[in-house]
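So the structure is just underneath, and the comments pick up after that.
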Amino acid sequence: MTAPHLKILIPSLLLLIIIAALAAQVKFPKETGFDQFFFGSKNLARLFAQELLNQQTQQEIAKLPGHWGIAIRDLKTGKTYLKNATDQFTAASLYKLAVMWAAFEAIDKQQVKKDDLEPQLTSMITYSDNDSAVYLAEKLGWGNIQSLMDQEGLGAIDLADPPKISAQSALTLLERIYRGSAVSPTASQEMKELLFAQTINDRIPKYLPEGVKVAHKTGELDNLRHDAGIVLGKNSHYIFVFLSETPVPEETSEQIAQLSKKIYAALENQ
C-alpha cells in the first residue's frame, strides 16, 4: 500500500475506533438513532432482554397459556423488554387510566372544578369503581377522551365498546406520569398518588418487600387479568405491564405476582 493511501486510511481507522469506543460507553435510553445505527433494533432489544430478564424467566414467560402482552422498562437506563407489546387486548378497567388523564386535563384547563371530580377519581382508581368511571367518562365525553389520547400519541388506547389497550401504550402512559409530562408535573404527581393508593394488590405488589411503592391499576373481566404499574424500589424505578387473556384466569394473578417478584429482584441487584 502506498504512503498516500496510508495517510488517508489511518485517520479513518482512528475515527472508527473513537466512535466505537464512545458507543460502548454511552447508554441510550431508547431504540432509536445512534444505537440503532450500530446495533440494529432487534439486536439491541435482545441485549436489553438479556439484562432485564434471565433466560429461565424468559422461558417461563414463553410457556404461559393464552394470549399475553408484556412491557417492562427500567426508568433509569431506558432498557426495555417487550413481548407482544403492540397486541391490543380488551382493556377491562385499564381504560380508567385514560379517563383519569382526561379528568386532570379538564381540571388543568379549568373546564371543571377539581372538587367536583375528586370523589369519583378516588373511587375509580383506588377501588376500581365502575359507576364512578362511567360518570366521569360521560361528563368529560367519551369522544373527547379518545381525541386526547390520539393527540398524546396514545391512540392504541381505544375507547370504542369494548375499550382496548396494548402493553406498549400502557407503558408509555405510565412513563409520562412518572416523568411529569402527563398534563403537567403537578397533575402527574396527583395521578401517581391516586395509583399509589390502589387497594387491589394481588398482582404486581403482592410479593414485593414492605415499603416498596407501586402506583398501579389492575383490570379484570372474564378471562382477562391485567396489571400495569410504576414500581419505586430501593435501587430501581421501573414500569411493569402485564396484559393477559387466558383459559385459566384464576392462576394468572399469581403468575403476574411471581413474575413481578423476579423482575424486582433482577433490577434491584443489577
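Compute the signed sum of charges (Lys and Arg +1, Asp and Glu -1) over the other residues within less than 10 Å, Cβ to Cβ, of A215. Please report the intermediate quantities before stating the final value.
Numbers: positive: K192, K213, K217; negative: E193.
Taking every other residue near A215 into account, the sum is +2.
Taking 0.36 nm per residue of sequence separation and subtracting the Cα-Cα distance, how much length would be gained by fully extending the chain between S181 and N130, in nm to one decimal?
On the way: separation 51, 0.36 × 51 = 18.36 nm, distance 2.66 nm.
Roughly 15.7 nm would be gained on extension.
Which Cα, out of G211, S166, A137, lies furthest along the positive dipole direction of segment 92-226 (beta carbon charges, K/R +1, D/E -1)?
Farthest along the dipole direction, towards plus: G211.
So if each residue of separation counts as 0.36 nm, and I subtract the Cα-Cα distance between Q59 and D108, what length gain in nm does that give?
Values: separation 49, 0.36 × 49 = 17.64 nm, distance 4.51 nm.
Length gained, Q59 through D108: 13.1 nm.
Fewest to most neighbouring Cβ within 10 Å: what's the order for Y238, Y135? Each step should come with its number before you reach the end.
Values: Y238 24, Y135 17.
Taking fewest neighbouring Cβ atoms as first place, the list is Y135, Y238.
Compute the Rg/Rh shape ratio of segment 54-268: radius of gyration over Kirkwood radius, all on alpha-carbon atoms. Mind dumping the intermediate values first?
On the way: Rg = 16.2 Å, Rh = 17.1 Å.
When Rh is taken as the Kirkwood radius, the ratio is 0.95.
Considering only Cα-Cα distances, which of the following residue pairs are longer than 20 Å: K192/K217; K164/K217; K139/K192; K76/K262; K63/K234? Intermediate results must be reported in sequence, preceding the final value.
Numbers: K192/K217 11 Å; K164/K217 15 Å; K139/K192 22 Å; K76/K262 18 Å; K63/K234 30 Å.
Those over the limit are K139/K192; K63/K234.
Where a number appears in this text, it was derived from the coordinates with a stated rule and is not lab data. Since we're looking at a predicted model, the values are computed, not measured. Please note: Cβ atoms are built from the backbone with ideal geometry, for glycine as well, and neighbour counts cover all protein chains shown.
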